[in-house]
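The values are calculated or read from the model by the stated rules, or taken from the named source; none is laboratory data. All values reported here derive from a predicted model rather than from experimental measurement. Surface accessibility is based on the protein's heavy atoms, side chains included, excluding ligands, DNA and RNA. Shrake-Rupley method; radii C 1.70, N 1.55, O 1.52, S 1.80 Å.
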Amino acid sequence: MSRLSKEVWSRLTNERVQGETLWARRAAPDITDRILAALDAEGQRHLLVPLESGDTDIKDTQSRGLGVVTRELVIPGHGAGRYLDITCFDAAGHDAFDLIGGELTERLAAERETASKIVVGVISKWRRFWGQLPRQMLSREEQCGLFAELWFLNSWMAPRFGEVEALLRWRGPTGARHDFEWVGRSVEVKATTSTRGHLHRINGLDQMAPPENGDLFLFSLQLREEAGAANSLPALVAVCRTRFERDTDILSRFEAILAQTGYSPAHEDEYAKLRLRIVKQGLFAVRGDFPRLTSTQFSGGVPAGVERVEYEINLGGFMYLCVARQPHEAAGL
């Protein structure tokens, strides 16, 4: 992911800004002239996107430390016109602001969308992550786990139940016991890159315990790390954003849940290096002799002093419990 050069801001700092004048320079002149970087008299940073006659006005004050308004401006050296003014009110957000500017630059240069649509999409994407930079990256295991949840959300849940209901059922990141929950059903999602077998790590004695009034399923996604693979976590996130962007409320909910997983677009360049091939997927009914441990199996209770139980299961010998290998077969959900 590109970012604006710090040099553009240092050059603007040396200019004398007075009153309400915005002193501006092209933010990335070697890429596009459709975005300006500007400073005001208080030293606040602005990104200015000139609008054409058919572009929609925008006013967005939902993001803490970041605002977007449509203004008629006279910019010295750049003329008068209607601009989208994206303002950074918090110096702590300068790094994120440069990343936002970099993404805006790339999309504006592509000239595939209107300026208004581009700004709305980029600001919506970053709103939930504003003020959270720098942030620790997800581990490799966490990246694969999130990939599996998003794969199940996009490929299995949304086509069957619709975008709104699918998002309402994605509850793991908000602290629920299982990754997807609704009346009468729960689904735990697991990913594995193991070459030793169909192995999954189970965290705790409650993870494979069914809901009080319903059935539990395990969705298993077997992955391989391959440099030439087509899939990556950022690419799948982008697919989901495209699916949900038709409704701003749905997209906002998706971004909120995504933020709770610990994912940040600031690390997308690094996440994109993990390329994944789908080897096998399947939905398993957790019943009968499904391999699992639960607290009910300890007749006298969990031994004193045991605070956490983690174990691995191998589903290689339990394929008869697989009720669906492709989304269209999942009639039991």
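Using a 1.4 angstrom probe on heavy atoms only, work out the carbon and sulfur share of the accessible area of the stretch 73-114 in %. Looking at the stretch 73-114 in its full context, I get 50 percent from C and S. Rolling a 1.4 Å probe across the protein heavy atoms gives the chain an accessible surface of 49 Å² per residue. 3J(HN,Hα) along the stretch 139-153: 5, 4, 5, 5, 4, 5, x, 5, 4, 5, 5, 5, 4, 5, 4 Hz, from the Karplus curve 6.51 cos²θ - 1.76 cosθ + 1.60 with θ = phi - 60°, whole Hz, x for Gly and Pro. Note on Lys6: aspartates and glutamates with a C-alpha under 13 Å away, same-chain residues under 8 apart excluded, are Asp95, Asp98.
Normalising by the residue count of the chain, find the relative contact order in percent from Cα pairs under 8 Å and 6+ residues apart.
It comes to 14 percent, rounded to a whole number.
Give the aspartates and glutamates reachable from Lys273 as a straight Cα distance under 13 Å; neighbours fewer than 8 places away on the same chain don't count. In chain and number order, the partners are Glu225, Glu226.
In deg cm²/dmol and to the nearest 500, what is the mean residue ellipticity at 222 nm of the chain if only DSSP H runs of at least 4 residues count, each as -39500 (n - 2.57), divided by the residue total?
Using -39500 (n - 2.57) per qualifying helix, the result is -8000 deg cm²/dmol.
Annotation: amide H-H contacts under 5 Å for Arg275 (H modelled 1.01 Å from N, sequence separation of 5 or more, or interchain): Glu226. Sequence neighbours fewer than 8 away in the same chain don't count; with that in mind, list the lysines whose C-alpha is under 25 Å from Lys280. Correct list for Lys280: Lys190.
Distance between the C-alpha centres of the stretch 58-112 and the stretch 201-218: 46 Å, rounded to the whole angstrom.
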